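Asks: My questions all concern the structure below.
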Amino acid sequence: MDFKNIEVKKEGKIAIVTISREKALNALNAETVTELKAFFHNHWRDEDLLGVIITGAGKAFVAGADIKELAECNVISAEEKMRIGQYLMHLIENFPRPVIAAVNGFALGGGCELAMACDIRLASEKAKLGQPEVNLGIIPGYGGTQRLARLVGRGKAKQLIFSGDIIDAAEAYRIGLVDEVYPVEELMNKALELANKIASKAPIAVSKAKECINKGLDVNLSNGCDFEKVSFSTIYGTTDCKEGLNAFMEKRKAEFKGE
């Protein structure tokens, strides 16, 4: 599929997805959301893909949703627009391979929500993050009220969302909104380095670990541990499990095949 608003480049078994609407600071219009959905749908069962990095062209990661489109919404169309946007975030959050956000600049509103849907967030020193929707008389609608509270805690999430404040990368790291901060020129190399490191591990184990963490956050500890137990035992039916254990005992590097 040919894309107009995103660029996809493959680096080995890692896909780099760049949102490329530089003049609009990579704002998430309906067409861009559709293209991102298509990418994740198309690669859902791609065994040659072991990781995804999402970033933005120019000085922004994603500066927010397309305000012109939001201004045209009514009560009914607004709900539908948020349903579609939330579906994209759900796709990313539950994609069977790790997804890393390389937050190179502004990640505001829908951009911050996009980053939060990713498994790991790496930011450049020039990154700016926030949920400033209240300044427009609206609230986050792509899952921001839910994921931000889960990442930084209820009180800090309320402070950021109620005030509409935009914070820098250092503060985002301090509160746990991003996981690492790097100089601008190092960001993409660090993201690719991490993606490749994860890709060298057993793919099924990584995928199951992601699933366990995600599902465990939505249930109590006992139920989460039950799901982990079943997932752990299921992995024992894979070739990679045998390979990993044998390689350790034989003091050699494991060669995982995702089987």
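Asks: Let me spell it out: the conditions are (1) hydrophobic (A, V, I, L, M, F, W, C); (2) surrounded by 17 or more Cβ atoms within 10 Å (Cβ to Cβ); (3) within 30 Å of A149 (Cβ to Cβ), and V230 meets all of them except one. Which number is the exception?
Replies: (2)
Asks: Can you pull out every residue in segment 10-45 that is part of a loop (DSSP other than H, G, I, E, B) and more than 26 Å from R83 (Cα to Cα)?
Replies: G12, K13
Asks: Moving on. Mind telling me which of the residues I213, I166 ends up being surrounded by 14 or more Cβ atoms within 10 Å (Cβ to Cβ) and hydrophobic (A, V, I, L, M, F, W, C)?
Replies: Matching residue, one of I213, I166: I166.
Asks: Tally the residues that are without any contact (Cβ under 8 Å) to a residue 60 or more places away in the chain and either more than 15 Å from M89 (Cβ to Cβ) or among the basic types (K, R) (or both), restricting the search to segment 1-29.
Replies: 18
Asks: In addition: Is it the case that I53 is part of a strand (DSSP E or B) and either under 21 Å from A169 (Cα atoms) or basic (K, R) (or both)?
Replies: The answer is yes for I53.
Asks: Has segment 102-123 got any residue that is among the β-branched types (V, I, T), within 14 Å of the chain's Cα centre (by Cα) and surrounded by 24 or more Cβ atoms within 10 Å (Cβ to Cβ)?
Replies: Within segment 102-123, one or more residues are among the β-branched types (V, I, T), within 14 Å of the chain's Cα centre (by Cα) and surrounded by 24 or more Cβ atoms within 10 Å (Cβ to Cβ).
Asks: Ok, one more. Would you tally the residues in segment 88-115 being closer than 19 Å to L148 by Cβ, in a loop (DSSP other than H, G, I, E, B) and either aromatic (F, W, Y) or not assigned by TED's automatic domain parsing to the domain that holds E22 (or both)?
Replies: 0
Asks: Just the residues that are within 20 Å of A195 (Cβ to Cβ) and either within 16 Å of the chain's Cα centre (by Cα) or not assigned by TED's automatic domain parsing to the domain that holds M82 (or both), please, taken from segment 10-39.
Replies: If the condition is that a residue be within 20 Å of A195 (Cβ to Cβ) and either within 16 Å of the chain's Cα centre (by Cα) or not assigned by TED's automatic domain parsing to the domain that holds M82 (or both), then I14, A15, I16, V17, T18, I19, L36, F39 are the ones that fit.
Asks: Looking at G56, is it more than 21 Å from P132 (Cβ to Cβ) and not hydrophobic (A, V, I, L, M, F, W, C)?
Replies: For G56, the condition - more than 21 Å from P132 (Cβ to Cβ) and not hydrophobic (A, V, I, L, M, F, W, C) - is not met.
Asks: Take segment 119-160 and flag every residue that is part of a helix (DSSP H, G or I), over 21 Å from A101 (Cα atoms) and among the β-branched types (V, I, T).
Replies: V134
Asks: Take segment 196-249 and flag every residue that is aromatic (F, W, Y) and in a helix (DSSP H, G or I).
Replies: If the condition is that a residue be aromatic (F, W, Y) and in a helix (DSSP H, G or I), then F227, F232, F248 are the ones that fit.
Asks: Could you tell me which of the residues N214, N196, N189 is within 28 Å of K81 (Cα to Cα) and of a type in the set (S, T, N, Q)?
Replies: Details: N196 fails: within 28 Å of K81 (Cα to Cα); N189 fails: within 28 Å of K81 (Cα to Cα).
Answer to the check: N214.
Asks: So is V8 crowded, with 20+ Cβ neighbours inside 10 Å and of a type outside the set (S, T, Y) or not?
Replies: No: the conditions fail for V8.
Asks: So, in segment 131-163, of the ones that are at positive phi and within 20 Å of the chain's Cα centre (by Cα), which residue ends up surrounded by the fewest Cβ atoms within 10 Å (Cβ to Cβ)?
Replies: Residue satisfying both the conditions and the ranking: G153.
Asks: Also: Hey, could you check segment 233-259 for residues that are loosely packed, with under 13 Cβ neighbours inside 10 Å and among the aliphatic types (A, V, I, L, M) and say which is nearest to A149 (Cα to Cα)?
Replies: It comes out as L245.
Asks: Then there is this: Tally up the residues in segment 77-91 that are within 28 Å of K190 (Cα to Cα), surrounded by fewer than 22 Cβ atoms within 10 Å (Cβ to Cβ) and aliphatic (A, V, I, L, M), please.
Replies: Looking only at that region, the number is 1.
The values are calculated or read from the model by the stated rules, or taken from the named source; none is laboratory data. What you are looking at is a predicted structure, and each value in this text was computed from that prediction instead of being measured. Don't worry about glycine lacking a Cβ; one is built from the backbone with ideal geometry, like all the others, and counts go over all protein chains shown.
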